[in-house]
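Here is the structure we will look at.
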Amino acid sequence: MEKLIITAAVTGGEYVSKETTPHVPSTTEEIVGEVARCVEAGASIVHLHAKDPVTGEPHSGDPNPVLKDYVDRIREEVDVVVNLTTGGGRVGNPPEVWDELVRARCDLGPEMMSLNMGTMNRWAEHPTGKIFLNTVDMIERWCGYMVEAGIKPEHEVYDTGMINVCRQLAAKGIVPEPLHVQFVMVGRTGFLPTPKALVYCLDQLPEGWTWSVCALGRHEIPIAAVAMTMGGHVRVGFEDNVYIRYGELATSNAQLVEKVANIARELDRPIATTEDAREMLGLKRH
Ligand code: KMH
Ligand code: ZN
C-alpha cells in the first residue's frame, strides 16, 4: 500500500484557544516543540495558523511576522513540510488586505499552503461573521501567487461543487496537475463525515491526484481510518479535534498523530517520512 502522509494541524486554527483546551500550544517555543513531537510520532507535514503568543488566542492583526517566526524556528530544528494557512488577518480588514497578506506569506518559505475552494456558511461562530468568503477570483489569484513562489496549494474542499472548482483550475492551467485535495468534512454546512460521502468525492476526483481527509470533532479518527483503508492521507490535530477519545482531552497533538500512526501500522500502511512526502507530492524544498 502507498505510504501514508500524516498532517498535524497543531495550533488550533481560528477556533481553539487555551480555554478550549489547556494543551494547545501558543508561544513559538511551544509550537516548535509540538511540531518536533508530532514528527517523531509520524507526521510529515505541519499545518500552521498564527497564535497570539501572550493570550494564546487566535492571532488578530497581521499574522505574517508570527508565521515567519514559526517557519524560521522550525527550519532550524525540525525537518518537516511546512504548510501555512491562507486564513488569518481577515478581522477588520477588507479583502484587498487579505490578498496582500497571502501574497506576502508566500515569501516566508512554506512548501505548501491551504486554499479554501469556495464561499460557504460558517460552521461555528467567527468574528468575521456568518459567511466564509472565498470567491473564484480570490482562489485563482492566490493559486497564482503560490505557483509563482513554487508552493503547492492544498485545496480545501468542503462540499462536492468545490471539486469542480479544482478541476477548472487544472483545466485553465492555473495549477499544474496532479492537484492535492483535502476533503474537510465539517458536517453541518459542508458534506457529512461519512464513508458514503467520501466514496462519492473520490468518484469525482481525476486520476492521479492525491487526497487527504480531515474530519472535525469526534469524526476525526474514524474518518481518518476509513481514508487510510482507501489509500488516502490524513490530517489530525487540535485545529479539528481536541479529544483523544469521547470526553477525554488529548494531552498533545502528538497523541493524535500517534493514534492514527498506530492504526496505520495495524493496517500495514507504511508511514511517509518528510522526504517521502516531498517526493509523493512533488514539493520543492525551500
Ligand atoms: N480549519 C479547517 C476546517 C485553512 O486553514 O485555510 C480548514 C483549514 C483551512 O485548515
Ligand atoms: Zn487551517
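Here region 1-57 is the region considered, the condition is being charged (D, E, K, R), in contact with a helix residue (DSSP H, G or I) (Cβ under 6 Å, 6 or more places away or on another chain) and within 16 Å of ARG73 (Cβ to Cβ), and the residue that is farthest from ligand 1 (Cβ to nearest atom) is ARG37. Within region 178-193, the residues that satisfy the criterion of being outside any loop (DSSP other than H, G, I, E, B) and either hydrophobic (A, V, I, L, M, F, W, C) or closer than 18 Å to THR119 by Cβ (or both) are VAL181, GLN182, PHE183, VAL184, MET185. Checked against the criterion of being touching a residue at least 60 places away in the same chain (Cβ under 8 Å), under 17 Å from ALA254 (Cβ atoms), loosely packed, with under 15 Cβ neighbours inside 10 Å and over 15 Å from the mean Cα position of the chain (by Cα), the candidates GLU77, GLU34, GLU40, GLU29 yield just one match: GLU40. Every residue in region 59-74 that is within 15 Å of ligand 1 (Cβ to nearest atom) and either hydrophobic (A, V, I, L, M, F, W, C) or open to solvent by 40 Å² or more (accessible area, probe 1.4 Å) (or both), please. Listed by number, the residues that qualify are HIS59, VAL66, LEU67. Within region 144-178, being within 16 Å of ligand 1 (Cβ to nearest atom) and farther than 29 Å from THR194 by Cβ holds for TYR145, MET146, ILE151. Set side by side, the residues GLY118, GLY109, GLY87 differ, and just one is under 25 Å from GLY150 (Cα atoms) and within 15 Å of ligand 2 (Cβ to nearest atom), which is GLY87. Each residue in region 90-105 was checked for being of a type in the set (Lys, Arg) and within 12 Å of ASP62 (Cβ to Cβ), and 2 pass.
Return the pair list, or none, for Cβ contacts closer than 8 Å from residues in region 1-25 that are of a type in the set (Lys, Arg) to residues that are open to solvent by less than 10 Å² (accessible area, probe 1.4 Å) and within 16 Å of ligand 1 (Cβ to nearest atom), at least 6 apart or on different chains. As it stands, the answer is LYS18/VAL24, since those pairs meet every condition given. Filtered by the rule that a residue be among the hydrophobic types (A, V, I, L, M, F, W, C) and within 16 Å of ligand 2 (Cβ to nearest atom), region 1-31 gives ILE6, ALA8, ALA9, VAL10, VAL16, VAL24, ILE31. Can you say whether LEU202 is open to solvent by less than 20 Å² (accessible area, probe 1.4 Å), part of a helix (DSSP H, G or I) and away from ligand 2 (no atom under 16 Å from the Cβ), as far as the supplied structure shows? When the stated conditions are applied, LEU202 does not pass them. Determine, yes or no, whether GLY89 is within 13 Å of ligand 1 (Cβ to nearest atom), over 16 Å from the mean Cα position of the chain (by Cα), open to solvent by less than 20 Å² (accessible area, probe 1.4 Å) and of a type outside the set (Asp, Glu). Judged against the criteria, GLY89 is a match. Taking region 146-178 as the range and being touching a Leu at 6+ places or on another chain (Cβ under 7 Å), of a type outside the set (Val, Ile, Thr) and closer than 26 Å to GLU239 by Cα as the test, the residues that pass are LYS152, PRO153, GLU154, HIS155, GLU156, CYS166.
A single member of THR128, THR119 is out of contact with any Gly (no Cβ under 8 Å at 6 or more places or on another chain), of a type in the set (S, T, N, Q) and modelled with pLDDT under 95, and it is THR128. Mind checking whether some residue in region 36-45 is within 15 Å of ligand 2 (Cβ to nearest atom) and touching a Leu at 6+ places or on another chain (Cβ under 8 Å)? No; the residues of region 36-45 include none that is within 15 Å of ligand 2 (Cβ to nearest atom) and touching a Leu at 6+ places or on another chain (Cβ under 8 Å).
The single condition among (1) open to solvent by 40 Å² or more (accessible area, probe 1.4 Å); (2) touching a Leu at 6+ places or on another chain (Cβ under 9 Å); (3) of a type outside the set (Lys, Arg); (4) touching a residue at least 12 places away in the same chain (Cβ under 8 Å) that ASN134 does not meet is (1). I'd like to check something: does region 231-238 contain any residue that is at negative phi and over 15 Å from the mean Cα position of the chain (by Cα)? No, region 231-238 contains no residue that is at negative phi and over 15 Å from the mean Cα position of the chain (by Cα).
The values are calculated or read from the model by the stated rules, or taken from the named source; none is laboratory data. From a predicted model like this one, the values you see are computed outputs, not experimental measurements. Here Cβ is always computed from backbone atoms with ideal geometry, including for glycine, and neighbour counts include all displayed protein chains. Keep in mind that these areas ignore ligands, DNA and RNA; they rest on the heavy atoms of the full protein, side chains included. Shrake-Rupley method; radii C 1.70, N 1.55, O 1.52, S 1.80 Å.
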